[in-house]
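Report on one structure; see the data block that follows.
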């Protein structure tokens, strides 16, 4: 790829990984729409590393507190006095379903599921599910109040994101909304639990990367763009949903699904 394509995919990854509109779908669809070379799943996962860096940096103080209290609680054998350490255990618990599904279905996800018509269906279906969850009353809980059952349920939802078009952040936010978390708090927890999954996927897919390509200026520019726009998107989304619903993202998903289906049948 040239610089323009690499940076474009990095920008798209950074924005769509954070917003509930599916980064994997966009990374598959953009090369398909414009007849670009599709670098495949390993490259897409590498771009996710840029977004992972933005999540780690944006929540750096929170991550430091979680790590500090987690090790203290683990050494003492109790997290009763360490709420952030307990949150760390819940983040780990929420990551287990996605990790297991990713290991089992990795080959399927990199082939069969990366079809435009599958992506269109997932965008539409899970957009409607997000819309329904966003309309439920009684969203009062925050991340500080999270319980083990909440983390497992939200983690199970996140595992569905193995299907391109579902959206890792979108489905985790949906799970949070169904468990009665505030809109911004559901988004916050979705970002926290995405970190272990993205890091694990990156480690798993690294074996497929050509490192002479991975260290090229074109490739690295895409990863950097992903990090920068991921950070900006986190700031935007957390502020946006404090006073607004997720409806605009649902509308976008449905519109994109319609465009994909039209384009798919027009191409024959």
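Things to note:
- Coarse-grained scattering of the stretch 138-265 at q = 0.21 Å⁻¹, given as base-10 log I(q)/I(0) from a Debye sum over alpha-carbon atoms: -1.28
- The long axis of helix 247-267 is offset from the longest Cα principal axis of the chain by roughly 30 degrees.
- Distance between modelled label sites at residue 132 and residue 259, nm, 7 Å Cα→Cβ extension: 2.7
- 222 nm mean residue ellipticity, helices alone, for the chain (DSSP H n ≥ 4; -39,500 (n - 2.57); rounded to 500): -25500 deg cm²/dmol
- The value of relative contact order for the stretch 67-191, using C-alpha pairs under 8 Å at least six residues apart, is 27 percent.
- Rounded if a/c under 1.5, otherwise prolate or oblate - the stretch 64-198, Cα gyration tensor axes: oblate
- Rounded to 10°, Cα long-axis angle of helix 183-205 versus longest principal axis of the chain: 60
- The chain, relative contact order in percent, only Cα pairs under 8 angstrom and at least six apart counted: 35
- On the beta carbon distance between residue 36 and residue 140, with R0 = 45 Å, the FRET formula returns roughly 0.50.
- Residue 180-residue 199 pseudo-label distance in nm [points 7 Å out on the Cα-to-Cβ vector]: 3.2
- Enclosing the Cα atoms of the stretch 3-267 in their convex hull gives a volume equal to 121 cubic angstrom per residue.
- On Cα atoms only, tilt of 60-76 relative to the major axis of the chain in degrees: 50
- Considering only 123, 178, 136, the mean-square fluctuation computed in a Gaussian network model of the chain, springs between alpha carbons under 10 angstrom, is largest for 136.
Just so you know, all these numbers are worked out from the coordinates, no wet-lab data involved. Remember, it's a predicted structure, so these values are computed and weren't measured experimentally. Neighbour counts are summed over all protein chains in view; Cβ atoms, including those assigned to glycine, are modelled from backbone coordinates with ideal geometry.
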